[in-house]
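Working notes, structure below.
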Amino acid sequence: MGKQWVRAQIKHNELQDILEAGLAWVSRNRKTAGIAAGSALAAVLLVSGILYQRKSLRSEAWNKLWMVQAYAYSNRLPDALEQMKGLAADYPNTPATAFGWLFAGDMLFPQGKFQEAVEHYTRLIEMGTEGLQPYALNGLAISFEAAGQPQKAAEAAQRFLDLYPDHFLAPQVHGCLARSLKTLGQLEQAKGALQRITIQYQDTSWAKWAQDQLQSK
């Protein structure tokens, strides 16, 4: 009984918030939208209905993402990926789908499925979800490196560093760039990348790693 009351109260509060948002929109846009005084209530209900539908869709998308994660954490990766396909098909432009692409890539990489990880990170990059782009580019770079594609790894790493030089993942991406350049036989460029790590990240494990790499040449 108590839980049912809590759920009902939450639902009531959500509806109240949505109606208030609809009323605020109509109040702001009444003149520009040509809403007559007598039609204001209908307009409020219409706008509120649209807002509620959007909220409901977002909620359904997050629920589907939860299923993706539940399957993955149950060691049912194929089922998780199948759920991810459904999420992307049903809710292609939602934040839940963006997080889903990142999550799937992060699940595929440790399984050694590097090319599939590349595909999932690429889908996230194509979405353009700003807050997740650094993570997608980092995943893309290290996946290309692990897949034995150093040229593409170097390109993805450089793109990351051009866009997000101060990101906390930058040291890892510098390392990916240095290794990829070395694999490509571009030894001077690789040396420069290692030197930048020792300068920019002094007194860190990354600087020590880079110094060890420089001394081993």
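The values are calculated or read from the model by the stated rules, or taken from the named source; none is laboratory data. Because the structure is predicted, anything quoted here is derived from the model rather than measured. Note that we place each Cβ from the backbone using ideal geometry, even for glycine, and neighbour counts take in every protein chain shown.
Summary table
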item: Among (1) of a type outside the set (S, T, N, Q); (2) surrounded by fewer than 21 Cβ atoms within 10 Å (Cβ to Cβ); (3) more than 17 Å from the chain's Cα centre (by Cα); (4) in the same structural domain as Ala190 (by TED's automatic domain parsing) - the single one Phe144 does not satisfy; result: (2)
item: Qualifying residues in the range 202-217 (those that are out of contact with any helix residue (DSSP H, G or I) (no Cβ under 8 Å at 6 or more places or on another chain) and in a helix (DSSP H, G or I)) - the one surrounded by the fewest Cβ atoms within 10 Å (Cβ to Cβ); result: Gln215
item: Checklist (1) farther than 24 Å from Leu137 by Cβ; (2) at pLDDT below 90; (3) surrounded by 13 or more Cβ atoms within 10 Å (Cβ to Cβ) applied to Leu41, failing item; result: (3)
item: Filter result for Tyr121 (aromatic (Phe, Trp, Tyr), modelled with pLDDT of 95 or more and buried (at least 19 other Cβ atoms within 10 Å of the Cβ)); result: yes
item: Given (1) farther than 17 Å from Glu155 by Cβ; (2) touching a residue at least 12 places away in the same chain (Cβ under 8 Å), index of the condition Leu184 fails; result: (1)
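Matching residues to (1) under 17 Å from the mean Cα position of the chain (by Cα); (2) in a loop (DSSP other than H, G, I, E, B):
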| site | (1), (2) |
| --- | --- |
| Lys64 | yes, no |
| Ala70 | no, no |
| Asn75 | no, yes |
| Asp79 | no, no |
| Leu87 | yes, no |
